[in-house]
Amino acid sequence: MISRNLILILVIVIYFLIFTSCSDYQPTTPPDNNSGAPLAKFSELQVKVFNNCLGAQCHSSAGNQGDLTLEAGVSFNNLVGVQSSLFPQYKRVEAGNSANSLIIKILKGEVNPRMPLNGSPIPAATIDSIAKWIDQGALNN
């Protein structure tokens, strides 16, 4: 038979394990969105941004400027992890690294020609949203 002292010791040990293991519990929170940019999904970027780049002389299969087609169904594979033919020192989209992604540099005017070519610059909030998507892994979502 188990002695009372052994039972008491087991109860104390269990109590200690339960309450000390939970003392460091921190609920998880969603990632910071410091930039104020909305969290972006690729499917939303396709509709709101890339579909606007499809003019006959631009990034459609007919125009294919810079050897880049941004039509739905092919744009993701033409962007993410693809070395630029015009600026081979950059990937068009380097997943997890918007600062080194050519698309951000071109949209911000850090590399010429700024896009959209001969058009008004894309709003900073939209560029920030694209950067957020890239920094979060450039998922095909």
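Mean separation of Cα pairs under 8 Å and 6 or more residues apart, divided by the residue count, gives the stretch 80-125 a relative contact order of 21 percent. When the P(r) is computed for the stretch 84-141, the part past 17 Å accounts for 35% of the Cα-Cα pairs.
Using a/c under 1.5 as the rounded threshold, could you call the stretch 36-141 rounded, prolate or oblate? The axes a ≥ b ≥ c are square roots of the C-alpha gyration tensor eigenvalues, and prolate needs a/b larger than b/c, oblate otherwise. Rounded shape, in that the Cα axes give a/c under 1.5.
For a modelled paramagnetic label at VAL74, 7 Å from Cα along Cα-to-Cβ, the residues of the stretch 83-101 in reach, with backbone nitrogen under 18 Å, are 83-86, 92-93.
Charges were assigned to the Cβ only: +1 to each Lys and Arg, -1 to each Asp and Glu. The resulting dipole of the stretch 70-141 about its Cα centre is roughly 120 debye. Fully extending the segment from SER43 to SER120, taken as 0.36 nm per residue of separation minus the present Cα-Cα distance, adds 25.4 nm. With contacts taken as Cα pairs under 8 Å at a separation of at least 6 residues, the stretch 56-141 carries a relative contact order of 19 percent.
Each reported figure results from applying straightforward, stated rules to the coordinates on display, with no laboratory input. Every value quoted in this text rests on a predicted model; they were computed, and no experiment measured them. Cβ atoms come from the backbone with ideal geometry, glycine included; neighbour counts cover every protein chain shown.
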